[in-house]
Amino acid sequence: MEEQTSEKTYRIHLMVCAGTGCVSNNSFAVKDALKEEIKKQGLENEVLVVTTGCNGFCERGPLLVVEPGKIFYQQLTIKDIPHLVEEHFLKGRPVEKLMYSPPEDKTPIPVLNDIAFFKGQVLIALRNRGLIDPEKIDEYIARDGYTGMAKALTEMTAEEVLEEVKQSGLRGRGGGGFPTGLKWEFVRRASTNNGGIKYIVCNGDEGDPGAFMDRSLLEADPHSVIEGMVIGAKAIGAQQGIVYVRNEYPLALKRLNIALDAAREYGLLGENILDSGFDFDIKVTRGAGAFVCGEETALLASIEGRLGEPRPRPPFPAEKGLWGQPTCVNNVETWANIPVIINRGADWYHSIGTETSKGTKVFSLVGKINNTGLVEVPMGISLKEIVYDIGGGIPGGKEFKAVQTGGPSGGCIPKEKIDLPIDYESLSEAGSMMGSGGMVVMDEETCMVDVARYFLSFTQDESCGKCTPCREGTKEMLNILTKITEGKGTEEDLTLLLELAQSIKDSALCGLGNTAPNPVLTTLKYFREEYEAHIKDKKCPAHVCRELNTYTIDEVACVNVGKGCDMCRRNCASDAIVGEKGKAHTVIQDKCIKCGVCYDVCRFGAVKVD
Amino acid sequence: MNEERLTEILGKYEADQSAIIAVLQDIQAEFGYLPKDAILTVSKEMNIPLSRVLSLATFFNAFSMEPKGRHPINVCVGTACHVRGAQLILEKLERELSISSGDTTQDGDFSLDEVRCVGCCGLAPVIMVGDEFHGKLTQTKIPGVLKKYQK
Ligand SMILES: Cc1cc2nc3c(=O)[nH]c(=O)nc-3n(C[C@H](O)[C@H](O)[C@H](O)COP(=O)(O)O)c2cc1C
Ligand code: FES
Ligand code: FES
């Protein structure tokens, strides 16, 4: 293999993360600085700089992993680079002060695999993360890429491929959790109409507004999705594939197109793939920014150039999908699992996870958590392990309150259920759902009524308007929730909320409406006392709902501790604070717009909110 | 509006009606919005009723019928940003620019919009100004961010 000899000529590989998180943290400037410094030190024939997709630990970007040895550097700035290059790559002395050290104890941890964030993870879908340049097909191939496809096309019958996926127990990662093999079988059995062809579609619409798993996968390892789709096509007997990429993901789109071109050039896509006589190609469609288009029937409508509105099922896309032909829709992550299943076998995959949920799931772990980022964990892992071991707990010593999974269709799981194992059934029983992998951590400063209102305003906004329960029902629920957050709610409103929730759940046309009440239902179930505080006491315990907050300044703290520092007055957005340097300050309540800036800028704890 | 660019975009898709969304996306990318004349031309050239083109243009969030500012600001109001205070950041911007979300300043320098998750939740709360990201924001950091773009 050519790439191995070329690899040997470099003593060191520097894997610089070029995922969206790190890029927005200036990782390209860091990469350029590295290259320049390496040249300056005369190391350009020994040290190679590689840009990879998202490494996962976005919180600490920009990131650099040094191979061999997996030495992990974080939060780099261009100023750090000359010192780093000289010390580590020239003199062989790794630089401790640029390494990660856990918040609680300040000892640097040099090696990536020893860091708690990475330790508990099992990488299948993200198997190549941080290890390859997503724009170079050779790097994917060097890590067993396209061997699963080769096996499926040249050594296995379509029935055998199908059987393998069925046996693996893989379930859809897009939210519903439908068994993938079974769906494939339906499409395989369905017959085409009027001499048409069968289609497979990769759903990369990723509508959950706090999640970026599919984006990272497409950006970091587009070939794994392409390979999965070719294998699926063989099993199903499809001739055309379509990847539907969310509009807001330009980098994913670019890398996917580069990957598709490379695969075609290598004969891994197109006519007579690998001389197997099998023809299959993939097109890319851009989404246009509508959450409901993630729903499969709306997705197909929008691919056809129609309004992205769902239609009742049945008929399911497996029978009547794109252009009326049998169509298999699977999520990005689902597709990325396929090559490994074929390569390593159903038995191996089946051995990971729980009785009903096999394999791993990728989550985007965000919100009030120390280690924000992308994690892939075995099914069955407890919520606690994710939040505390991998996620490193809650920042600022605050108290953990809940985890929201499943995005706008999901729910909040309270602290009491922290030992809950992560699998499809346990999450549903708790009133939430697996969803596509958003996991938002909330602490004592998150208001659960506000969270419910947030998701409702999202679904209300995104409701396509086709069916009345969803269009009008969510609007009414949102009105009530807004009233409550403004301190104008009544006890009856809670009853009304529950009634509305039930009727929307029962009568909406598609999953968007059916699941829209979930965030309200779970917060009402587990955090009813927070709703009641808003209604009865006119207080928001988390101090999030603005209308209910009152800001005051503790005169003693202001003068004695802060020496009347005047910061609050200077930053006040509405001239609502009076006082002068060295003297006590006070808030004029009827001028205060409750933006909370005074609270944020006071370093002496003199500003109180109640 | 540059007629030539529009003709080029339409030519790329050869009046394939199913490509209508892609055509509108290209126009949006080229001009920053969907100019009325462009919509009329698209409807005529692709032989799609004007009402259908308009309904697509208003259904999808990716399209806007108004031109944006020279520095379009997009405030992320995704879940991660929301729980880390995105609403306060948005309101601070509204006050600083004296416009409401969805509007453009009189001088055409800035427009203000909301988006949901721009994929760097680790930096929440995040805003984008043009293609540039600004993360871990607080209300007090906003004037400094704006200054970078004000002349
Ligand atoms: C409102 C709504 C939004 C959805 N959004 C997505 C999405 O963003 N990505 C996705 O893969 N599936 C989404 N789905 C699920 C799809 O309809 C479909 O079940 C899925 O793409 C099938 O793939 P899977 O079996 O591999 O999960 C959504 C469903 C609904 C009802
Ligand atoms: S973008 Fe670099 S770690 Fe996620
Ligand atoms: S929610 Fe704002 S970047 Fe993800």
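The values are calculated or read from the model by the stated rules, or taken from the named source; none is laboratory data. Since we're looking at a predicted model, the values are computed, not measured. Here the Cβ is made from the backbone with ideal geometry for all residues, glycine too, and neighbour counts use every protein chain on show. Calculation scope for accessible area: heavy atoms of the full protein, side chains included, ligands and nucleic acids excluded. Shrake-Rupley method; radii C 1.70, N 1.55, O 1.52, S 1.80 Å.
The residues of the protein assembly as shown expose on average 40 square angstrom of accessible surface per residue, using a 1.4 Å probe on protein heavy atoms. Beta bridges from DSSP with both residues in the protein assembly as shown: antiparallel share about 55 percent, rounded to the nearest 5. What does the charge count near A:L162 come to, summing +1 for each Lys or Arg and -1 for each Asp or Glu among other residues with Cβ under 13 Å from its Cβ? Local charge sum for A:L162: 0.
What shape does region B:3-59 have by the C-alpha gyration tensor, where a ≥ b ≥ c are the square roots of the eigenvalues, rounded means a/c under 1.5, and otherwise prolate means a/b greater than b/c and oblate the rest? Intermediate results must be reported in sequence, preceding the final value.
On the way: a/c = 1.41, a/b = 1.09, b/c = 1.30.
Rounded, because the longest to shortest axis ratio a/c is under 1.5.
Once the Cβ-Cβ distance of A:E135 and A:N549 is raised to the sixth power relative to R0 = 41 Å, the FRET efficiency obtained is 0.25.
The simple spin-label model puts a point 7 Å past each Cα toward its Cβ; for A:V578 and B:L50 those points are separated by 6.0 nm.
Within the full protein context, the accessible area of B:S101 is estimated at about 40 Å² for a probe radius of 1.4 Å.
Size descriptors for region A:12-119, from the alpha-carbon set: Rg then Dmax equal 12.9, 40 Å. Normalising by residue count, region B:71-149 has a Cα convex hull of 73 Å³ per residue. Note on A:T586: accessible area is roughly 60 Å² with a 1.4 Å probe, heavy atoms of protein only. Inter-label distance, B:L40 to A:H13: 5.8 nm, where each label sits 7 Å from its Cα along the C-beta direction.
Amide H to amide H distances under 5 Å link A:G438 with A:S364, A:G406, A:G407, where only residues 5 or more positions off or on other chains count and H is placed in the peptide plane. Axis of helix B:3-13 versus longest Cα principal axis of chain B: the two differ by about 80°, to the nearest ten degrees. Cross-linked pairs A:K368/B:K148; A:K398/B:K136; A:K106/B:K148; A:K368/A:K466; A:K608/B:K148; A:K166/A:K525: Cα-Cα separations exceed 25 Å for A:K368/B:K148; A:K106/B:K148; A:K368/A:K466; A:K608/B:K148; A:K166/A:K525. According to the square roots a ≥ b ≥ c of the eigenvalues of the Cα gyration tensor, what is the shape class of chain A, taking rounded for a/c under 1.5, prolate for a/b larger than b/c otherwise, and oblate for the remainder? Oblate shape, in that a/c is at least 1.5 and b/c is the bigger or equal ratio. Within region A:466-610, the proportion of C-alpha pairs whose separation exceeds 27 Å stands at 42%.
Neighbours of B:E8, meaning other residues whose beta-carbon lies under 14 angstrom from its beta-carbon, give a summed charge of -4 when Lys and Arg score +1 and Asp and Glu score -1.
Of A:H13, A:H534, the order by accessible heavy-atom surface (1.4 Å probe, DNA, RNA and ligands excluded), from most exposed downward, is A:H13, A:H534.
Taking amide H as placed 1.01 Å from N in the peptide plane, the amide H of A:D423 sits under 5 Å from that of A:G380, each at least 5 places away or on another chain. Would you mind giving the total buried accessible surface between chains A and B, with a 1.4 Å probe and ligands, DNA and RNA left out, rounded to the nearest 100 Å²? Heavy-atom accessible area buried at this interface is about 3600 Å².
Helix B:36-45 and the long axis of chain B differ in direction by around 30°, with both axes built from C-alpha atoms.
Taking a ≥ b ≥ c as the square roots of the eigenvalues of the alpha carbon gyration tensor, region A:137-349 is rounded, as a/c is under 1.5. In the assembled protein chains, A:M379 presents an accessible area of approximately 10 Å² (probe radius 1.4 Å). Taking the Cα centroid of region B:1-72 and of region A:237-307, what is the distance between the two, rounded to the nearest whole Å? Each part reduced to its Cα centre gives a spacing of 22 Å. Quantify, in whole percent, the carbon and sulfur part of the accessible surface of chain A (1.4 Å probe; protein heavy atoms only). Roughly 49 percent of what the probe reaches on chain A is carbon or sulfur.
Per-residue ellipticity at 222 nm, computed for chain A from helices alone with -39500 (n - 2.57) per DSSP H run of at least four residues, works out to -10000 deg cm²/dmol.
In order along region A:549-556, the phi-based Karplus estimate (6.51 cos²θ - 1.76 cosθ + 1.60, θ = phi - 60°) of 3J(HN,Hα) comes to 8, 10, 9, 9, 10, 6, 4, 4 Hz; Gly and Pro are listed as x. Taking 7 Å steps out from each Cα toward its Cβ at A:D389 and A:D590 produces label points 5.9 nm apart.
Computed from Cα positions, the angle between helix B:50-59 and the longest principal axis of chain B comes to roughly 20 degrees.
The largest accessible area among A:W323, A:W335, A:W348 belongs to the first residue in A:W323, A:W348, A:W335, and the rest follow in falling order (1.4 Å probe, all chains).
With 0.36 nm allotted per residue and the present C-alpha distance subtracted, the A:E271-A:D461 stretch has 64.0 nm of extension available. So what's Rg/Rh here for region B:1-132, counting alpha carbon atoms and using the Kirkwood radius for Rh? With Rg and the Kirkwood Rh in hand, the quotient comes to 1.05.
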